[in-house]
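First up is the structure itself, then whatever we jot down about it.
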Amino acid sequence: MTEEKKSKLKVGSTATNIFLIIIIVIAVNIIAASVFFRWDITEESLYTLSDGTKEIVERIKTPITVKYYFTRNLEGLPITYKTYGKKIDELLNEYKNLNTEMISYESYDPKPDSDEEEWAQKYGLSGIDLGTGERLFMGIVVIQEDNELGIPFMHPRREQFLEYDITQLMLQAHQEKEKTIGLMSTLQVMGSTPNRFQQMQGQRPQSKWAFMTELENSFKIEEIASDVQDIDTNIDILLVIHPKDLSDATQYAIDQFVLRGGELVILVDPNARMDQAAAMAMQMGQMGSANSDLSKLFKHWGINYDSTKIIGDLSQSTKVNAGGQMGVISYALWHTLSGDSFNKELVATRELEQMLLIEPGGFSIEEKSPLKLNSLLQTSENSGFISSYMTRFGNPESINKQIAVDKEIYTMAGILTGELTSAFSQRPAPPAPDEGEKVTPPENPQPHVAKSTASAKILLVTDADFLADTFAVDRINLFGQSIVQPKNDNVNFMVNMIEFLGGAEAMMQIRSRGRFSRPFTRFEELQTIAQAQYQEAEAELSAQLNEVQEKLSRLKVEEGTNKVVLTKEQIEKIKQFREEEKKTKSNLREIRKLLRQDIEFEKTSLTLLNLLVIPVLLTVIGLVLYYRRVRNRSK
């Protein structure tokens, strides 16, 4: 075979190979367009929706339109918002792909003075001013028939709760009716107006607790008497606060409510400071009881709770003013919770920073209990119980000494789930009436239920005082308007948990997502070190400033004039200080400069590494393969 023929054959072979590659690429694209496939290889499965979300989205039977308004093309858009906005768009597409028949997704870029911007404002989406005259919109609207719900602005600070927020929005959009909370409370959580006799005894009108006002934003509240014998079927969630001395007939009503599928929230307390009846009895010299319990139900459910004992925690104690010579000391019966005290796996509690519990109890679950406990608030190992009776006579210091630390971790709030049976074989007789009163049997009594038809869901908290305004919020009167400012996360915790329970059981499966943004930890370390150096130099400068101010304050002023009398020595010292101040400021600038240089060097090195390593590696591999191929041919 001549060289010319070999050359033509080689060219023909190369052309055939190129043609085949083109055909393969086209075929792969056609197949990929018709086959849906995704592989999430991110460390925390950022693009994989949870099973709870899948369950809720797949249950949608009425079409939903999701509209996302994001001004993605702003010139001054920070990279944080640009990246986060893109990820929201990608995640919303995942929702659409879960139920393409019922969910339609529309994405808009509301440019200034455009129709899209006008519609975003009509939907109540609030943009933020970037400080450059530009306005950033990044909000979501969910529309189902005549129902419109939205998230005004998707802030990156809630990045870990992105899936939860979107799923909750879709759930609310297709709920058939507003959830109703039945409130049974022996405390005046809805406020009260004392009668004339009570006013003569010194009682004052009480405003509605801020906690209840927050609940009214999401739920319909219906008050229920503490002697009720049947819970109305229109109640979705039963909120029982400080159930004190409830009859068997009322406990039966609660029992049946749970077995019929109602969600129950219980706040018991071993020593409720907000119990006015108990406080008044003690003022009159009587042994008033301030504890609460659901003894018959708790015993049947396998819940160990002693309503006469308060749990103290020496590691989570709160500073209080004990008065007298003791002054401010740590009080172990008032728990300041943070960090490991919260369940960090549950979205409703992960975001909490600090709570304050007032003389709470503790509970546990027996091994034979049909309920499963998911603890929300816990003590440390440095905790133990003390009789609530001791709080009436001991001071904080003596009470701390009497706490018997047993190295156990106790639960102060938790979610209980499981299938239950009734604590009663039949409807109990109503309590005996007071003299002159008649027993009124319930109209159309509901049939007895012996076993739950589905898994029961109960939220149990062993403190009621923590939601009182005294311990949860500050009320500020501003121009005649009462402004509520949270002291801690007490109200947030309770509202979150009730909304969490009232949403859907599937919502409990949604955990907080990982972060889309993955900062370089090395950069953060450099910033931390440099910041520490800067703060140290700044503290030195501040100390020098304070020293000079103290010296200047001792300068003598001529009597009857405003002239400062400065000695020659003082003038020299001031001049010396100004030189030192100038030098310190120069050092501060140098620290900032070095910080920027170190970070920029690291960024440049890492960027070059990312850009060059793969190409260089491929080039080296190609050269090695080429060398081996040439070598084989030569043989």
Quiz item: Given the conditions (1) in a helix (DSSP H, G or I); (2) touching a helix residue (DSSP H, G or I) at 6+ places or on another chain (Cβ under 9 Å), which single one is not true for Tyr69?
Solution: (1)
Self-check item: segment 442-465 residues that are part of a helix (DSSP H, G or I) and modelled with pLDDT of 85 or more, paired with ones that are of a type in the set (D, E, K, R) and open to solvent by 10 Å² or more (accessible area, probe 1.4 Å) (beta carbon under 8 Å, 6 or more apart)
Solution: Asp465/Arg273
Quiz item: In segment 379-400, how many residues are of a type in the set (Lys, Arg) and modelled with pLDDT of 85 or more?
Solution: 0
Practice problem: Just give me the residues in segment 304-325 being in a strand (DSSP E or B) and either touching a residue at least 40 places away in the same chain (Cβ under 8 Å) or within 25 Å of His242 (Cα to Cα) (or both), in sequence order. | Solution: Asn304, Tyr305, Lys309, Ile310, Ile311, Gly312, Asp313, Ser317, Thr318, Val320
Practice problem: For segment 93-101, indicate whether the set of residues that are more than 30 Å from Asp227 (Cα to Cα), in contact with a His (Cβ under 8 Å, 6 or more places away or on another chain) and either open to solvent by 10 Å² or more (accessible area, probe 1.4 Å) or among the β-branched types (Val, Ile, Thr) (or both) is non-empty. | Solution: no
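Let's see how each residue does on (1) closer than 18 Å to Leu314 by Cβ; (2) among the aliphatic types (A, V, I, L, M):
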residue	(1), (2)
Leu377	yes, yes
Glu381	yes, no
Phe385	yes, no
Met390	yes, yes
Asn395	yes, no
Ser398	yes, no
Tyr410	yes, no
Gly414	no, no
Quiz item: What tally of residues in segment 326-347 results from selecting those that are in a loop (DSSP other than H, G, I, E, B) and without any contact (Cβ under 8 Å) to a residue 24 or more places away in the chain?
Solution: 3
Quiz item: In segment 410-427, which residues are surrounded by 16 or more Cβ atoms within 10 Å (Cβ to Cβ) and in a loop (DSSP other than H, G, I, E, B)?
Solution: Tyr410, Leu420, Ser422, Ala423, Phe424, Arg427
Quiz prompt | Failed item, numbered, when Ile140 is tested on (1) surrounded by 17 or more Cβ atoms within 10 Å (Cβ to Cβ); (2) in a helix (DSSP H, G or I) | solution = (2)
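Condition check ((1) more than 25 Å from the chain's Cα centre (by Cα); (2) open to solvent by 30 Å² or more (accessible area, probe 1.4 Å); (3) within 30 Å of Lys208 (Cβ to Cβ); (4) modelled with pLDDT of 85 or more) across all residues:
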site: Thr83; (1), (2), (3), (4): no, yes, no, yes
site: Glu90; (1), (2), (3), (4): no, yes, no, yes
site: Ala120; (1), (2), (3), (4): yes, no, no, yes
site: Leu125; (1), (2), (3), (4): no, no, no, yes
site: Leu149; (1), (2), (3), (4): no, yes, yes, yes
site: Met154; (1), (2), (3), (4): no, no, no, yes
site: Leu171; (1), (2), (3), (4): no, no, yes, no
Self-check item: One residue from Phe516, Phe500, Phe523 being modelled with pLDDT of 75 or more and either open to solvent by less than 40 Å² (accessible area, probe 1.4 Å) or over 25 Å from the mean Cα position of the chain (by Cα) (or both)
Solution: Phe500
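The values are calculated or read from the model by the stated rules, or taken from the named source; none is laboratory data. Predicted model, so just to flag it, every value in this text is computed and none were measured. Backbone-built Cβ (ideal geometry, glycine too); neighbour counts: all protein chains shown. When the accessible area is computed, the model is the full protein with side chains, heavy atoms only, and any ligands, DNA or RNA have been set aside. Shrake-Rupley method; radii C 1.70, N 1.55, O 1.52, S 1.80 Å.
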